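Reviewing the structure listed below.
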Amino acid sequence: MAAWTFAGSTFNTTAGNKTVTATPVDNDLIVIVAACTLAGGTISCSDNDGGTYTLVDSDRTGFSTAGVLNVFVRDALITSASSTIFTAVQPGSTGGGLHVYRLSGMALVGAAAVRSNGGQSSGGAGTTPAPVLSQDPHPMNPVLIAVAAGANAAVMVPRTNYTEGADGGYNTPATGLGSAVLNEGEITATLTFGGTTSTTFASVGIEFESQARSYHGLGYASTAVMAAARDAWRRRRSGIVVPKLWLPEGAVI
């Protein structure tokens, strides 16, 4: 089963790039929620272990002053369980930061790790954030939700059964960021949070394709592994026990 671990956060009025230092575990997939008061949002994310990151979903805007909310997913699993500096590149911002999550039990990375996503821009003050995924989620898949709003305060009331990672804010201009995660059990595309936000907001929801759900829950790490196992089963079932390489090319059993 895929499982989330909150690795750390930085979110303040300091201008420019922001970092979080944390120690991941081998085979973790890193997911970064970033927000800042900068038109165009977070330019990119990286880490000092050579990691590159892909922006998933899209810019979510409409909170604070020129505020943008983004989610980035690492393009490879972690291979070095050592102290790592994760960076959100936010040049020219008047404030911002990032929430860093570790997601274990994943085989897919980057954009391929995302099964469905959705979000809101310019959500109305006094309403409840409710990003809508692009398809109904599978209950074995992990989900992340986040909201950014125009208040220097805790701006998130998490959805029922979700675990909050961080929720806080800064001034100049007043901005808040909250995020939360669920390991499994989500069954509806509309991810309604647990309460309202007092100001305009942007929200996002991301469903990740876990290895446990992939390939009908058989637990294969790739389609190639699944195909090889299926072929071996067919040969055993037919009573043919010679190695596959002895069969004529293109033969079907």
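Please treat every number below as a calculation from the coordinates, not as lab data. Fair warning: this is a prediction, and the values are worked out from it, not measured in the lab. Counting neighbours? That spans all protein chains shown, and the Cβs are built from the backbone with ideal geometry, glycine included.
Annotations for the structure displayed:
- Using a simple spin-label model with pseudo-atoms 7 Å out from Cα toward Cβ, S80 and A125 lie 4.8 nm apart.
- Dimensions in Å of the range 3-208 - Rg and Dmax from alpha carbons: 15.2, 44
- R0 of 45 Å, Cβ-Cβ distance I187-T14: FRET efficiency to nearest 0.05: 0.65
- Lys/Arg +1, Asp/Glu -1 at C-beta; the range 3-208 dipole; positive extreme among T13, I78, N48: T13
- Derived scalar couplings ³J(HN,Hα) [the range 79-89; Karplus, 6.51 cos²θ - 1.76 cosθ + 1.60; whole Hz; x for Gly, Pro]: 10, 9, 7, 9, 4, 10, 9, 9, 10, 9, 7
- In this structure the amide hydrogen of A166, modeled in the peptide plane, comes within under 5 Å of the amide hydrogens of S179, none closer than 5 places in sequence on its chain.
- P(r) tail, the range 43-109: Cα-Cα pairs separated by more than 13 Å, 69% of all pairs.
- Here the range 1-144 carries DSSP beta bridges of which approximately 100% are antiparallel, counting only pairs with both residues inside.
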